[in-house]
Amino acid sequence: RIYIATHGRGVFSCDNYFTPPTGIVDRTLKAKSDLSIYPNPSSGNSKINFSLAESSEVLLKVYDMNGKLVHSMSTQRLAKGEQQLELQVSVPAGIYLVSLETGERRLVGRLIIAK
């Protein structure tokens, strides 16, 4: 329950203060088990593990913390089930976001490069 007080107008309360937005579908999955990156921290060579619900092409993108795309790769159609990709990037030490897009699904993980 939320209580809201105003200057001179009284106190109001509300039980239903959260309503999800309509018309927008967020397909970003945030569960840690959906995407694993190891070793992490890495020197630039990592393995990306994920699961596909159906056969799909995969687009992998790596962004720096300013949102700049620093690496991109796509795959042939991969089979349904557990998958592993090898990621080799040559970037300065820092924190990067790894985005893996498969059709209507996007998985995001954090990669730390330590040299």
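The values are calculated or read from the model by the stated rules, or taken from the named source; none is laboratory data. Small disclaimer: the values here were computed from a predicted structure and weren't measured. Cβ atoms come from the backbone with ideal geometry, glycine included; neighbour counts cover every protein chain shown. Note: areas computed on protein heavy atoms with side chains; ligands, DNA, RNA excluded. Shrake-Rupley method; radii C 1.70, N 1.55, O 1.52, S 1.80 Å.
A few remarks follow.
- When LYS68, LYS47, LYS115 are compared by accessible surface with a 1.4 Å probe, the order from highest to lowest is LYS115, LYS68, LYS47.
- Scanning residues 5 or more positions from HIS71 or on other chains, those with amide H under 5 Å from its amide H are VAL62, with H placed 1.01 Å from N in the peptide plane.
- Per-residue SASA entry for TYR38, accessible area with 1.4 Å probe, Å² rounded to 10: 100
- Between SER72 and LEU59, the modelled labels are 0.7 nm apart [label points 7 Å from Cα along Cα→Cβ].
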